[in-house]
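Data first, discussion second: the structure below is written as structure tokens.
The values are calculated or read from the model by the stated rules, or taken from the named source; none is laboratory data. Keep in mind it's a predicted model, so treat the numbers as computed, not measured. Note that we place each Cβ from the backbone using ideal geometry, even for glycine, and neighbour counts take in every protein chain shown. For the accessible areas, the whole protein counts, side chains as well, though only heavy atoms, and no ligand, DNA or RNA atoms are used. Shrake-Rupley method; radii C 1.70, N 1.55, O 1.52, S 1.80 Å.
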Amino acid sequence: MNFKRVQEDGLAWLAWSLEDVFPELSYRSWIRCGGVSLPPYDGLNLSYGVGDDPDRVSQNRRLVRLSMALNELISVGQVHGSNTLILSAKEKPQPVREVHGIDILITDIPGLGLLIKQADCQAVALYDPENQVIANIHCGWRGNVHDVIGQAVGHLRAGFGTRPENLRAALSPSLGPCCAEFINYRKEFPEKFWPYQVRPHFFDLWRLSCDQLQQAGVRPGNIHVAGWCSRCQEKDLFSYRRAQVTGRNGTVIALRRP
Ligand SMILES: [Zn+2]
């Protein structure tokens with residue numbers, strides 16, 4: 001198993017086995033228990049954009065930051081696009097927190113956590129151990145349509161010299177093939193996605209993302225899928241498909257401070 005559930009100090013997350021191999025890597029896909037948000041956002045809602053009390057969201061983010069010993073937690077306004085925010089040690093970045101219109105986060109700065117918020121979408125985390133650079137990608141089905149994964153790998157190659165065959169990838173909990181129903185798939189999906197239909201109108205977006213990672217050069221053995229469905233696991237995960245007014249889970253990847 002490449003992921004395991006960890007519970008500590010009232011918070012819970014999915015840990016990635018790769019942290020045992022690369023001690024400089026820190027990854028947590030946060031579970032909704034713990035945190036201070038009230039229903040229907042209970043408890044560890046990490047999004048300011050869903051109607052929750054912003055003070056409670058700030059407290060939740062603080063819990064995440066402290067628990068992971070981060071200097072800073074970077075989050076952006078996600079729009080199902082492919083714009084990219086690159087924070088590089090070479091460029092002395094200005095502090096940024098909630099830039100809008102970004103779905104790919106990349107950094108080589110230790111202590112800086114990249115937060116992707118999701119409730120059914122995938123957070124696809126990438127780690128390049130050779131060049132010590134990480135990415136976190138917000139990938140819903142629209143992200144698959146414009147291959148946001150391939151674009152992120154392209155930025156890593158161009159900006160950091162990443163060789164895709166070295167990349168490690170983690171797919172967070174998200175909408176599983178059991179629940180990913182697309183009635184209008186003929187309009188929404190290009191025809192090349194249709195073979196991912198597992199029964200009428202239901203699609204395996206996990207396999208689709210795995211294939212897009214491989215098309216970008218990531219080795220199949222380096223791709224790890226959490227395999228938790230957000231809609232099925234109500235106790236642990238927020239799901240927009242299950243309840244339109246709800247919170248957002250968060251997946252954070254970071255390089256540890258030396
Ligand atoms: Zn499901």
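Against the definition (in a strand (DSSP E or B) and either among the basic types (Lys, Arg) or at pLDDT 95 or above (or both)), how does Val252 come out, yes or no? Don't jump to the end; show me each part of the working.
Numbers: in a strand (DSSP E or B): yes; either among the basic types (Lys, Arg) or at pLDDT 95 or above (or both): yes.
So Val252 fits the description; yes.
For the range 180-191, taking the residues that are open to solvent by 20 Å² or more (accessible area, probe 1.4 Å) and under 24 Å from the mean Cα position of the chain (by Cα), the one that is nearest to the ligand (Cβ to nearest atom) is identified as Glu181. Exactly one of (1) at pLDDT 95 or above; (2) within 30 Å of Leu70 (Cβ to Cβ); (3) among the charged types (D, E, K, R) is unmet by Glu188. Its number? The number of the failed condition is (2). Answer yes if at least one residue in the range 134-154 is polar (S, T, N, Q), away from the ligand (no atom under 16 Å from the Cβ) and within 13 Å of the chain's Cα centre (by Cα), and no otherwise. Yes, some residue in the range 134-154 is polar (S, T, N, Q), away from the ligand (no atom under 16 Å from the Cβ) and within 13 Å of the chain's Cα centre (by Cα).
Phe22 fulfils the conditions (1) open to solvent by 10 Å² or more (accessible area, probe 1.4 Å); (2) within 16 Å of the chain's Cα centre (by Cα) except for a single criterion, (2).
For Gly161, state whether it is without any contact (Cβ under 8 Å) to a residue 40 or more places away in the chain and of a type in the set (Gly, Ala, Ser). So Gly161 passes the test.
One residue stands out in the range 204-235 among those that are within 12 Å of the ligand (Cβ to nearest atom) and open to solvent by less than 30 Å² (accessible area, probe 1.4 Å): the one that is nearest to Asn2 (Cα to Cα), namely Cys229.
Listed here are the residues, each with its yes/no results for (1) of a type outside the set (Gly, Ala, Ser); (2) in contact with a Phe, Trp or Tyr (Cβ under 9 Å, 6 or more places away or on another chain).
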| position | (1), (2) |
| --- | --- |
| Asn2 | yes, yes |
| Leu14 | yes, yes |
| Val21 | yes, no |
| Gly43 | no, no |
| Asp55 | yes, no |
| Glu72 | yes, no |
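Against the criterion of being under 20 Å from Ile86 (Cα atoms) and in contact with a Cys (Cβ under 7 Å, 6 or more places away or on another chain), Ile149 qualifies.
Considering the range 192-203 alone, what residues qualify as being open to solvent by 30 Å² or more (accessible area, probe 1.4 Å) and part of a helix (DSSP H, G or I)?
Initially, the range 192-203 is screened for residues open to solvent by 30 Å² or more (accessible area, probe 1.4 Å), giving 192, 194-195, 197-201.
The answer is Lys192, Trp194, Pro195.
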